[in-house]
């Protein structure tokens, strides 16, 4: 009996630790699974973490906001046949804008039946180095953008759940 209770407790704990929360955008037409521990990041922290007018509207993250998923719709139309060109612009522009940028990958991928620009990189921030995976595609005449980032120190801990979250992105038009 005691063994059975321990087994049930272990299975329940394991199920809770790997659960994910469904996050939606555009009235549920865009969804992705976020790590269960990720919660909305307060606006004051978003303002510090993204100190520009280009800051994302939505950011979820771990308790310290050192690992986050930012997502937004921006007013830039990127048709599916222009994703490669848009990626090339980012690849050329980012090294001039981002200190210490080191490319890991930059390519076009297919996800949820559409083409996405995929930019994976590391860079320097004011107080730490950052691991960043950015995805973008066109959506209803706008640019849908996701930014999965973490401190380089924490990235190994969160890499699996961030990549699973990325793969879970779904768009229903």
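Look at residue 83 and say whether it is under 30 Å from residue 173 (Cβ atoms), assigned to a loop (DSSP other than H, G, I, E, B) and either touching a helix residue (DSSP H, G or I) at 6+ places or on another chain (Cβ under 7 Å) or modelled with pLDDT of 95 or more (or both). Before the answer, list the steps.
On the way: under 30 Å from residue 173 (Cβ atoms): yes; assigned to a loop (DSSP other than H, G, I, E, B): no; either touching a helix residue (DSSP H, G or I) at 6+ places or on another chain (Cβ under 7 Å) or modelled with pLDDT of 95 or more (or both): yes.
So residue 83 fails the test.
Of all the residues that make up segment 66-92, how many are over 23 Å from residue 139 (Cβ atoms) and surrounded by 14 or more Cβ atoms within 10 Å (Cβ to Cβ)? Talk me through it step by step, then tell me what you get.
Narrowing segment 66-92 to residues over 23 Å from residue 139 (Cβ atoms): 66-67, 92.
Imposing the further condition that a residue be surrounded by 14 or more Cβ atoms within 10 Å (Cβ to Cβ) reduces the set to 66-67.
Number of matching residues: 2.
How many residues, within segment 58-99, are in contact with a strand residue (DSSP E or B) (Cβ under 8 Å, 6 or more places away or on another chain) and under 21 Å from residue 123 (Cα atoms)? Outline the logic, then answer.
Within segment 58-99, the first condition is being in contact with a strand residue (DSSP E or B) (Cβ under 8 Å, 6 or more places away or on another chain), and the residues that meet it are 58-63, 65-80, 82-84, 86-87, 90-91, 94, 98-99.
Right, trim to under 21 Å from residue 123 (Cα atoms) and you get 59-62, 65-71, 86-87, 90-91, 94, 98-99.
Total satisfying the criteria: 18.
Restricting to segment 18-47, count the residues that are out of contact with any helix residue (DSSP H, G or I) (no Cβ under 8 Å at 6 or more places or on another chain), part of a strand (DSSP E or B) and at pLDDT 90 or above. Lay out the reasoning, then the answer.
Initial filter on segment 18-47 (out of contact with any helix residue (DSSP H, G or I) (no Cβ under 8 Å at 6 or more places or on another chain)): 18-19, 21-31, 37-40, 42-47.
In the following step, the residues that additionally are part of a strand (DSSP E or B) were identified as 21-25, 30-31, 39-40.
Narrowing further to those that are at pLDDT 90 or above: 22-25, 30-31, 39-40.
Final tally of qualifying residues: 8.
Do we have residue 151 as in contact with a strand residue (DSSP E or B) (Cβ under 8 Å, 6 or more places away or on another chain), under 16 Å from residue 30 (Cα atoms) and surrounded by 12 or more Cβ atoms within 10 Å (Cβ to Cβ) here? Before the answer, list the steps.
Details: in contact with a strand residue (DSSP E or B) (Cβ under 8 Å, 6 or more places away or on another chain): yes; under 16 Å from residue 30 (Cα atoms): no; surrounded by 12 or more Cβ atoms within 10 Å (Cβ to Cβ): yes.
Taking the combined requirement at face value, the residue does not satisfy it.
Report yes if some residue within segment 128-146 is under 19 Å from residue 67 (Cα atoms), touching a helix residue (DSSP H, G or I) at 6+ places or on another chain (Cβ under 9 Å) and in a loop (DSSP other than H, G, I, E, B); otherwise report no.
Within segment 128-146 (the criterion being under 19 Å from residue 67 (Cα atoms), touching a helix residue (DSSP H, G or I) at 6+ places or on another chain (Cβ under 9 Å) and in a loop (DSSP other than H, G, I, E, B)), the answer is no, since none of the residues qualifies.
Return yes when residue 109 is at pLDDT 95 or above, within 26 Å of residue 43 (Cα to Cα) and part of a strand (DSSP E or B) and no when it is not. Spell out how you get there, then give the answer.
Numbers: at pLDDT 95 or above: yes; within 26 Å of residue 43 (Cα to Cα): no; part of a strand (DSSP E or B): yes.
It is false that residue 109 is at pLDDT 95 or above, within 26 Å of residue 43 (Cα to Cα) and part of a strand (DSSP E or B).
Quick one: what pairs do we get from segment 71-89, first residue at positive phi, second modelled with pLDDT of 95 or more and part of a loop (DSSP other than H, G, I, E, B), C-beta under 6 Å, 6+ apart or different chains?
none
Only one residue in 120, 37, 63 is surrounded by 12 or more Cβ atoms within 10 Å (Cβ to Cβ) and either in contact (Cβ under 8 Å) with a residue 60 or more places away in the chain or over 15 Å from residue 166 (Cβ atoms) (or both), so which one is that? Don't jump to the end; show me each part of the working.
Numbers: 120 fails: either in contact (Cβ under 8 Å) with a residue 60 or more places away in the chain or over 15 Å from residue 166 (Cβ atoms) (or both); 63 fails: surrounded by 12 or more Cβ atoms within 10 Å (Cβ to Cβ).
Step by step, each of 120, 37, 63 is checked, and only 37 is surrounded by 12 or more Cβ atoms within 10 Å (Cβ to Cβ) and either in contact (Cβ under 8 Å) with a residue 60 or more places away in the chain or over 15 Å from residue 166 (Cβ atoms) (or both).
When residues of segment 48-57 are filtered for being surrounded by 15 or more Cβ atoms within 10 Å (Cβ to Cβ) and either in a strand (DSSP E or B) or touching a strand residue (DSSP E or B) at 6+ places or on another chain (Cβ under 6 Å) (or both), how many remain?
1
The values are calculated or read from the model by the stated rules, or taken from the named source; none is laboratory data. Bear in mind that the values here come from a model prediction, so they are computed numbers and not experimental data. Positions of Cβ are backbone-derived with ideal geometry, glycine not excepted, and every protein chain shown enters the neighbour counts.
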